[in-house]
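First comes the structure, then the notes that go with it.
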Amino acid sequence: MDFSTAQNWFRQDRIRELAESPDGLRFLKLRSLSRRAHLEQLFSAASVDPTSSSARDLFKEAFETVALDAAIIDSTIRAIYATEREHRQKNEAELVNQLYRLEVFDWGGLHQNSLEKTIVNNYVKRIRDYDQLSNSIENELHNSMRGYVLCSWYNHWTSIIIEDIFRDHPAMLPAVGLIKKIDFFFKGVPFDLKVTYFPEGYIKELRRANGERPELTLLRQWARRHNVTFSGGLSDSMLLSDLWNKASDHPSEDSQELLSELISFRQKLIADAKSDPDELIRWLYENQGVRRFDASNRLFLILIDPLDFFESWKLKRAKPLLCSEITHYLDNASSSPGRTLDFTWEETNYTVVSDVVIITKPQGPVA
């Protein structure tokens with residue numbers, strides 16, 4: 001495979017196919033080194049004087065220089081990562097400590113990835129009076145922005161900590177530069193890491209497939225039977241959490257029976273996904289939003305608090321638990337990690353290599 005072909009395949013998002021070819025995998029690794037300083041370090045490690053000067057030309061020259069073999073490329077990547085990692089490690093313990101100070105994960109009504117649109121639609125275009133706009137900024141937008149920034153801060157730093165847990169493993173080769181859809185190479189297979197929670201949409205779909213009514217429908221009916229007040233303006237996800245908590249606190253016998261049934265169904269889905277994750281993986285690919293769609297190789301990390309599903313976000317900072325479970329998964333992976341499977345999105349079939357790591361919070365000793 002020549003450089004032009006590899007570059008065209010990369011632009012077409014044919015990353016899985018690239019990785020199946022030695023030349024294609026070489027291209028991807030070099031692509032993660034495509035900053036000029038990184039490429040110059042690579043040539044220096046091989047004692048080769050490059051003829052190019054720009055990062056773009058150095059990238060092409062590196063691909064075509066036989067002396068820059070796989071061992072030199074890998075060792076250079078590891079050296080660059082080790083330098084970057086050393087700096088982060090010095091502050092990591094205190095960073096984890098600070099992350100535990102966040103008590104509530106609430107975006108404040110400002111939708112992630114569409115902040116400007118939300119502000120424009122809810123304030124700029126909706127309000128005509130200057131004083132009303134000023135008051136809304138002080139009394140509404142200020143608090144919403146605070147929640148948005150705190151949640152974004154939490155997601156950013158926990159994502160770096162989690163990625164480093166994966167990248168620190170000896171079987172991993174990190175992607176040290178910004179390369180789309182690749183966070184690391186696991187035994188030669190490129191993966192994009194996605195950290196998420198057990199999806200509510202998947203639970204709803206599987207309940208319907210098994211002839212069970214939606215959780216939210218059952219909880220609404222429970223609330224009406226017991227004259228429990230709830231807000232009709234909440235989103236479905238927020239209302240589900242709200243009613244679940246109210247039913248959990250209610251002393252009636254049918255409240256606990258309802259929650260027992262809902263939890264039991266969820267636990268079965270989790271157990272099934274751990275033993276055979278293909279159905280869950282397909283669902284995760286097939287239910288991407290249009291703006292987020294891609295068919296890259298993905299390694300899904302799913303975090304679950306089985307005692308309080310709506311607090312699963314807290315596990316993103318549980319570093320000892322994450323280290324233990326992620327290392328166990330990586331230590332026991334086969335020589336060809338991931339599962340090759342097909343999925344369909346907007347009437348087009350795709351093939352990917354993917355896998356899922358499900359981590360559940362320890363439930364502690366039984367009373």
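I'm checking my understanding of the structure. Among residues of the stretch 8-20 that are surrounded by fewer than 16 Cβ atoms within 10 Å (Cβ to Cβ) and part of a helix (DSSP H, G or I), which one is modelled with the highest pLDDT? Checking each candidate, the answer is Asn8.
The set of residues from the stretch 1-56 being closer than 19 Å to Asp294 by Cα and touching a Ser or Thr at 6+ places or on another chain (Cβ under 6 Å) comprises just one member, Ile15. Note on the stretch 266-282: residues that are surrounded by fewer than 13 Cβ atoms within 10 Å (Cβ to Cβ) and part of a helix (DSSP H, G or I) total 3. Residues of the stretch 167-181 that are surrounded by 15 or more Cβ atoms within 10 Å (Cβ to Cβ) and closer than 22 Å to Phe27 by Cα: Arg167, Ala171, Met172, Leu173, Pro174, Ala175, Val176, Gly177, Ile179, Lys181. Taking the criterion of being in a helix (DSSP H, G or I) and of a type in the set (S, T, N, Q), the residues of the stretch 283-328 that qualify are Ser312, Ser324, Thr327. Exactly one residue out of Gly177, Gly147, Gly188 is at positive phi and small (Gly, Ala, Ser): that is Gly188. Just so you know, in the stretch 112-154 the residues that are outside any helix (DSSP H, G or I) and surrounded by 12 or more Cβ atoms within 10 Å (Cβ to Cβ) include one that is modelled with the lowest pLDDT, and it is Ser114. Evaluated against (1) under 28 Å from Leu33 (Cα atoms); (2) part of a loop (DSSP other than H, G, I, E, B); (3) not hydrophobic (A, V, I, L, M, F, W, C), Asp192 falls short on exactly one condition, (2).
The condition (being among the hydrophobic types (A, V, I, L, M, F, W, C), exposed (fewer than 12 other Cβ atoms within 10 Å of the Cβ), within 27 Å of the chain's Cα centre (by Cα) and not in a loop (DSSP other than H, G, I, E, B)) is satisfied by just one residue among Ala93, Ala79: Ala93.
The values are calculated or read from the model by the stated rules, or taken from the named source; none is laboratory data. Keep in mind that what you see is a predicted model, and the values were worked out from it rather than measured. Cβ sites come from the backbone with ideal geometry, for glycine too, and all protein chains shown count toward neighbours.
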